[in-house]
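The following block contains the structure, expressed as structure tokens.
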Amino acid sequence: MSHDLIAAVRRFNRTVTQRVGALDDEYMARGRPLAQARLLWEIGPGGAEVAALRARLGLDSGYLSRLLRALENDGLVTVGPADGTGDGRVRTAALTPAGRTEWAELDRRSDEFAWSILEPLAAPHRQRLVAAMAEVERLLVASMVVIAPCPPSDPRARTCLRAYTRDVARRFDDGFDPALSNPVRDDELVPPAGVFLLATLNAEPVGCGAVKLHRDAPAEIKRVWVADSVRGLGIGRRMLDELERYAAERGWDTVRLDTNRTLTEAIAMYRAAGYREIEPYNTERYADHWFEKRLVP
């Protein structure tokens, strides 16, 4: 990666932190730093589980505990066991009446602050800035997605596989019954037989993919799926690249996959990634197209 790209990101970060007041001791003149104000906002009038806050904000447990303690000491937040869970380990943060008042004031001042950014600009420049912000937000979200190996028996993996089944059942002309499809067993998706990759955003599953490393045959990619919330961000292509890399690093020089004709976006992605259509190599009931690609060692 070029030094110019890295330098540009650093310039952008400096400008944004200065403009939004991240360096101020008192964010929006409310007597508390940005981290406390952001946490108060994320708790919101409806409250939130502490574990969810930690994942959403990317904070370690110790730092989050200190922030919550500071808000508790100010009388803005209470932290206690979640109601109805029966599990004392699940803690929830909730706003006190004073906290709800402070939240509403932060909401009002946030609107005023956004107005102060847009007001000096001419109307066309306001539109350009808002459009640029939306694009930057999308790309930053994409950069926050983590793809890593995960046991297919993990609850998050199961969540993705259920979502995959629902998605293709809705899109396939004849629906989708896993019992009629060629089986993909868990033991085929753990090393050394293969791997299951999970994509997460703020610790929540948003995509998956797997590759089976067939002995004396090309590797086979299966179950590539991306949630609607992150589609269009290049996550599917990243997943495909990671699966190919996994196979190549273990000595496979060819990878194959099959797909249904209704998955037009996936077919376009495979073609753009260098896959060529081949004759059927299996008897998959729901397959209309079969693809193959030579891998770079």
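The values are calculated or read from the model by the stated rules, or taken from the named source; none is laboratory data. All values reported here derive from a predicted model rather than from experimental measurement. Virtual Cβ from ideal backbone geometry, glycine too; neighbours counted across all protein chains shown. Areas reflect the complete protein model, heavy atoms only, side chains present, ligands, DNA and RNA absent. Shrake-Rupley method; radii C 1.70, N 1.55, O 1.52, S 1.80 Å.
Can you give the translational diffusion coefficient of region 163-297 in µm²/s, computed by Stokes-Einstein from the Kirkwood radius over Cα pairs at 10 °C and 1.306 mPa s?
Using the Kirkwood radius from Cα pairs, D works out to 104 µm²/s.
Let me ask something else. For an R0 of 45 angstrom, estimate the FRET efficiency from the Cβ-Cβ distance between LEU129 and GLU279 and round to the nearest 0.05.
The formula returns an efficiency of 0.30 here.
With a sphere of radius 14 Å drawn around the Cβ of ASP241, what net charge do the other residues whose Cβ falls strictly inside it have (Lys, Arg +1; Asp, Glu -1)?
So the environment of ASP241 carries a net charge of +1.
While we're looking at this one, here's another question. So what's the convex hull volume per residue for the Cα atoms of region 221-297, in Å³?
95
Can you work out the base-10 log of I(q)/I(0) for region 179-248 at q = 0.15 1/Å, using the Debye formula on its C-alpha atoms alone?
So the normalised log intensities are -0.50.
For the pair ASN73 and ARG231, what calculated FRET efficiency results from E = 1/(1 + (r/R0)^6), where r is the Cβ-Cβ distance and R0 = 25 Å, to the nearest 0.05?
0.05
So which trypsin sites (Lys or Arg not before Pro) in region 261-293 end up in coil per DSSP with only 15 or fewer other C-beta atoms within 10 Å?
ARG261, ARG285
A further question on this structure: Output needed: percent of Cα pairs per 10 Å distance bin for region 69-224, bins running from 0 to the one holding the longest distance.
Result, from short to long distances: 9, 19, 21, 23, 18, 10, 1 percent.
Still on this structure, I have one more. Once you have the Cα-Cα distance between GLU249 and LEU180, take 0.36 nm times their residue separation minus that, and quote the gain in nm to one decimal.
Difference between extended and current length: 21.6 nm.
Residue-wise, which Karplus ³J(HN,Hα) couplings in Hz belong to region 257-262, taking 6.51 cos²θ - 1.76 cosθ + 1.60, θ = phi - 60°, and x for glycine or proline?
7, 10, 7, 8, 5, 6
Taking N as the number of residues in region 101-149, what value does Rg over Cα atoms divided by 2.2 N^0.38 Å take?
Ratio of Cα Rg to 2.2 N^0.38 Å: 1.61.
Can you give me the P(r) profile for region 142-194? Cα pairs, bins 5 angstrom wide beginning at 0, each as a whole percent.
Taking all Cα pairs of region 142-194, the binned fractions are 4, 15, 20, 23, 18, 13, 5, 1 percent.
What do the square roots of 5 times the Cα gyration tensor eigenvalues come to for the chain, in whole Å, largest first, as semi-axes of the equivalent ellipsoid?
Rounded to whole Å, the semi-axes are 44, 25, 18.
Let me ask something else about it. What accessible area per residue, rounded to a whole number of Å², is obtained for the chain using a probe radius of 1.4 Å?
58
List the trypsin sites (Lys or Arg not before Pro) in region 190-243 that DSSP assigns to loop (not H, G, I, E or B) and whose Cβ has at most 11 other Cβ atoms within 10 Å. Which are they?
For trypsin sites (Lys or Arg not before Pro) across region 190-243 that sit outside H, G, I, E and B with at most 11 neighbouring Cβ atoms in 10 Å, the list reads ARG215.
Let me ask another. If R0 is 22 Å, what FRET efficiency do you get for THR262 and ARG158 from their C-beta distance, rounded to 0.05?
Working from the Cβ atoms, E equals 0.35.
Still on this structure: Under a 10 Å cutoff between Cα atoms, tell me which one of ALA142, ALA134, ALA248 has the largest fluctuation in the Gaussian network model of the chain.
ALA134
If each of LEU139 and ASP216 carries a label point 7 Å out from its Cα toward its Cβ, how far apart are those two points in nm?
For the pair LEU139/ASP216, the computed spacing is 4.9 nm.
At 0.36 nm per residue, and after removing the present C-alpha to C-alpha distance, how many nm does the segment from ASN13 to ARG66 gain when stretched out fully?
Taking ASN13 through ARG66 to full extension adds about 16.5 nm, to one decimal.
Next up: Regarding region 1-131, what whole-number volume in Å³ per residue does the convex hull of its Cα atoms give?
Output value, Cα hull per residue: 162 Å³.
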